[in-house]
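The values are calculated or read from the model by the stated rules, or taken from the named source; none is laboratory data. Keep in mind the model is a prediction, meaning the values are calculated, not measured. All Cβ positions, glycine included, derive from the backbone under ideal geometry; neighbour counts span all protein chains shown. Ligands, DNA and RNA are excluded from the accessible area calculation, which covers all protein heavy atoms including side chains. Shrake-Rupley method; radii C 1.70, N 1.55, O 1.52, S 1.80 Å.
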Amino acid sequence: MNSHMQEKRGRRLGITYSAPMGLWLTFFFLVPLCIIILYSFLKKGLYGGVEWEFTLTAYRQMLNPNFMRVFLRTLWVAALSTVITITLALPCGYAMARSRHQVMWLALVIIPFWTNSLIRIYAWIAILSSEGFVNEALKALGVIGESLPLIYNQGAVITVLIYMYIPFAILPLFTTIDKFDFQLLEAARDLGASKPESIFKVLIPNIRSGIITAVIFTFIPIFGAYTVPLLVGGKDSYMIGNIIVDQVTKTRNWPLASAFSLVITVVSTIGVIWMMTSTASERARLKAPAQVVDANGGIS
Amino acid sequence: MSTSPKVKSAAVAAKLKKQPKKMRLEPSRLVEAPKGTPGPYKLPKNQMFQDHRKFGFSNIMLVLVIAFLFMPLFVVVTYSFNASRGMRWTGFSLEWYYKLFFDSKELWRAFANSFVIAITSSIVATFLGSLSAIGIKWYKFKSRSYIQVVSFLPMVLPEVIIGISMLIFFTAVKIPLGMFSIFVAHTTFNLPFVFLLVSARLEEFDFSVIEAARDLGATERQTLMKVIVPSIMPGVMSGLLMAITMSLEDFVITFFVSGPGSTTLPLYVYSMIRYGVSPVINALSLVLILGIMLLALGFRRFLKTIAASS
């Protein structure tokens, strides 16, 4: 078989192997997304659904100040929870990577993470509610006379969001830090860097791609969170996810739900592209170490 | 998720431009070698930094975060043995366990639905995802990057978006909502994870082995079944495990695409939380947590691979 024929055959086989998944995702992921884009430009049907008439009404409705307020709140809650989550997850990933018992720590992170998310949210309700664990315990100790309002507010939403998404941050951080050459830290220390200096100037720049992955995998799902604000949030903690679901199930305004979904999709896609380009640049750097080390002095 | 060489080299060039950095270090430092060791001596990873303190800041943080992760589970499990309904401890009782096992028909029906969907969707996703990963790593063809992008986006898009787009899609093409639509949805969100795990495994695979197998007279099929498949098995198993747990766990997407008679366990738990909490949930929690623990223990070999995929 000559090489040209072989290449042609290889291409055919590659397509044969990959086509089933490619087609599946095209039909059941990409086509539905395209339908959403289309629907966002159509007129709302009377009982759900759409009427085939081009209009920008959905986008005009989106500019409603009430929705804008929820949008900004969602952005704020997602940003704050992400920052806290990453700050907590970084030392965890580091300690896990340095540990002799990596598998044990991984199991300890993964077990709660795999436990049904509704059970975990329910557990928080049991802890925070007015007759919940914390209030009953404090009352029994005589610290408080009346229940503290711990649930159905913004604080509860942020706490539970951090709880739900911290494993999403710890796991990629652990994986990246595990690949990091810790001798670099030692070298930095030997050359006179203080401990924080060695962490911030040597470790952090080297695990950038892991941090970005962690940010994406916490920020995007929190931005689209639905269950947590619904079950532990109050009137002041409605998020975009809740608006979208209400538009589908209650108001039956499918074009508006589609328009909101489109906005979230665009935001997420930008995040993913950012992540992919930064991972790619890091990989390129790893593949050509000599080149970079020369110019870079072995760090960052 | 590889990008074209052009993008890569551009990124490297950008990096090089930014070079003037304050610190200059030797890339690695040699640790003092024991006498008689030939050549540069590198301590095994775990023994480096021997002065690393057990009670350092990061270790304390790790223990605190793990405690934070387990605290709600402990509370729920403890109260599953409480005699009364509320959060005030009134005595030990196994009443809720009795109710769970002998008086919760609907819950177990929901569990059976969840189980059927988890098994079928994860097997289909594992098969298609692994096949596709092999095709993409083994051969070069034009639509590779399309598949890579389309298999990555579903992992990061919020579940609400996937759920709603599928609901609208199923309604538009008139597929009735029920077990089948849930199966399709679960397979869709499981595929990318399996694909990613198997691809990562293939990344380490030495493709010259394939040429060797060919030279020794193996057919295409023999090469696939006897060389490639065994070596990607850890990736395939991790993918399957991940798919099963994600499918059992999913609430948001299922919430949109389920119909009458296709209540899954998370949907049932949701209705219990919304419309009158029964302490049976506490008892169920312990059963589920024990199940997950067994799963994690049984597949502990794969935990590191799974961590790398999230």
If you go through segment A:219-241 one residue at a time, how many are within 18 Å of A:Val263 (Cα to Cα) and within 17 Å of the chain's Cα centre (by Cα)? 11
Could you say whether any residue in segment A:173-181 is open to solvent by less than 10 Å² (accessible area, probe 1.4 Å), touching a helix residue (DSSP H, G or I) at 6+ places or on another chain (Cβ under 9 Å) and not aromatic (Phe, Trp, Tyr)? yes
Do any residues in segment A:7-22 that are within 8 Å of chain B (Cβ to nearest Cβ) and at pLDDT 80 or above have Cβ atoms under 8 Å from those of residues that are assigned to a helix (DSSP H, G or I) and surrounded by fewer than 17 Cβ atoms within 10 Å (Cβ to Cβ), where the two are at least six apart or on different chains, and which pairs are they? A:Gly22/B:Tyr146
When A:Ser130 is evaluated against the numbered criteria (1) surrounded by fewer than 24 Cβ atoms within 10 Å (Cβ to Cβ); (2) out of contact with any Gly (no Cβ under 8 Å at 6 or more places or on another chain); (3) not in a loop (DSSP other than H, G, I, E, B), which criterion, by number, is the only one it fails? (3)
The number of residues in segment B:261-310 that are open to solvent by less than 60 Å² (accessible area, probe 1.4 Å) and on the phi > 0 side of the Ramachandran plot is 1
I'd like to check something: does segment B:272-287 contain any residue that is of a type in the set (S, T, N, Q) and within 30 Å of B:Val194 (Cβ to Cβ)? yes
Quick check on segment A:151-172. Is at least one of its residues outside any helix (DSSP H, G or I) and either small (Gly, Ala, Ser) or open to solvent by 50 Å² or more (accessible area, probe 1.4 Å) (or both)? yes
Residue within segment B:93-101 that is at pLDDT below 90, of a type in the set (A, V, I, L, M) and either open to solvent by 30 Å² or more (accessible area, probe 1.4 Å) or part of a helix (DSSP H, G or I) (or both) present: yes
Helices (runs of 4 or more DSSP H) wholly inside segment A:199-261 that include at least 1 residues being modelled with pLDDT under 90: A:208-223, A:240-249
Out of A:Leu25, A:Leu30, A:Leu75, A:Leu88, report the one residue that is under 23 Å from the mean Cα position of the chain (by Cα), surrounded by 20 or more Cβ atoms within 10 Å (Cβ to Cβ) and within 14 Å of another protein chain (Cβ to nearest Cβ). A:Leu25
If I ask for residues that are more than 10 Å from every other protein chain (Cβ to nearest Cβ) and among the hydroxyl-bearing types (Ser, Thr, Tyr), which ones from segment A:152-189 would you list? A:Tyr152, A:Tyr165
So B:Phe251, is it over 21 Å from B:Gly298 (Cβ atoms), hydrophobic (A, V, I, L, M, F, W, C), crowded, with 18+ Cβ neighbours inside 10 Å and under 16 Å from the mean Cα position of the chain (by Cα): yes
Quick one: which helices (runs of 4 or more DSSP H) sit completely within segment B:152-231 and have at least 1 residues that are more than 23 Å from the chain's Cα centre (by Cα) and surrounded by 23 or more Cβ atoms within 10 Å (Cβ to Cβ)? B:159-172
